[in-house]
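K.L.:
This structure is in C-alpha cells; I'll ask about it shortly.
The values are calculated or read from the model by the stated rules, or taken from the named source; none is laboratory data. Quantities reported herein were computed from a predicted structural model and do not represent experimental measurements. Glycine gets a Cβ as well: all are built from the backbone with ideal geometry, and neighbour counts include every protein chain shown. Keep in mind that these areas ignore ligands, DNA and RNA; they rest on the heavy atoms of the full protein, side chains included. Shrake-Rupley method; radii C 1.70, N 1.55, O 1.52, S 1.80 Å.
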Amino acid sequence: MGRWRKVKQGKIESLKKEKKEILESIKSLQCAPVTLRLKALLTDTFMITMPVLYIVIYLVMGDREGFKEHMGQGWLIILTVHMIITLAFWKLKAQTPGMKAYDLYLIDPQTDEKPGIVKLVLRYIMLQTSILSFFGILLPFIMKDKKGLHDLVSGTCIVYKP
C-alpha cells in the first residue's frame, strides 16, 4: 500500500524522470560510435558528393574530357559547392542526410546546441584534412572519447540521439 501512495503523490514518477534526464545528459556528452559516423559519411558521399560531381563534370564542364582539361577548376567548383551544401545542413538542422539516417546530431559540447558558423567552417576544413591524412583517420580509434582531429580542433562532437 505504501508504494501506491508514493505513486499517487508523484514521488516515484519524479525519480524516474530524474533518472531519464541524467541518462540523456550522459548520452549527450559522449560522441557517437565511430562506425555510425563512418556510415553517415559514406551515405553523405553518395547523397551529396556524387550528384555534385555529376553536375559539375557533365553539365558545367561539358563532358569528361572538359573536366580532364580543367581539373583544378573543376575540383575547386566541386569542393566549394560541397562545402556550401554541407555547411547549410549543419547550420540549419545540425545534421546532414547521412547523419539523419543514423540519428546523429552535430553539437557544441559546451552548450549542447548547434555550433556557430566559425566552428562549422573550421570543422569542415579539418574534416577534409583528416580524410586525407593517415593520422586523422586513426585518431578516433585511439582517443578515449572517440573524437576525430576535426572534432578536437573545432570543439564539436557528433552525438547519437535515437
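K.L.:
Kindly indicate the residue of the range 27-51 that is part of a helix (DSSP H, G or I) and touching a Leu at 6+ places or on another chain (Cβ under 8 Å) and also least open to solvent (accessible area, probe 1.4 Å) among those meeting that condition.
P.N.:
Going through the qualifying residues, I end up with A40.
K.L.:
Quick one: in the range 52-65, of everything that is more than 22 Å from T86 (Cα to Cα) and loosely packed, with under 14 Cβ neighbours inside 10 Å, which residue is modelled with the highest pLDDT? Please lay out each step first, then the result.
P.N.:
Of the residues in the range 52-65, the ones more than 22 Å from T86 (Cα to Cα) are 61-65.
Now drop any that are not loosely packed, with under 14 Cβ neighbours inside 10 Å, which leaves 62-65.
Numbers: G62: 89, D63: 89, R64: 89, E65: 92.
Only one residue tops the list, namely E65.
K.L.:
Consider M99 carefully, then state whether it is at pLDDT 90 or above, surrounded by 13 or more Cβ atoms within 10 Å (Cβ to Cβ) and under 23 Å from P162 (Cα atoms).
P.N.:
Yes.
K.L.:
Out of everything in the range 104-113 that is more than 8 Å from the chain's Cα centre (by Cα) and open to solvent by less than 60 Å² (accessible area, probe 1.4 Å), what residue ends up being nearest to D44 (Cα to Cα)?
P.N.:
I107
K.L.:
Tally time: how many residues in the range 114-162 are open to solvent by 30 Å² or more (accessible area, probe 1.4 Å), in a loop (DSSP other than H, G, I, E, B) and among the hydroxyl-bearing types (S, T, Y)?
P.N.:
Total meeting the criteria: 1.
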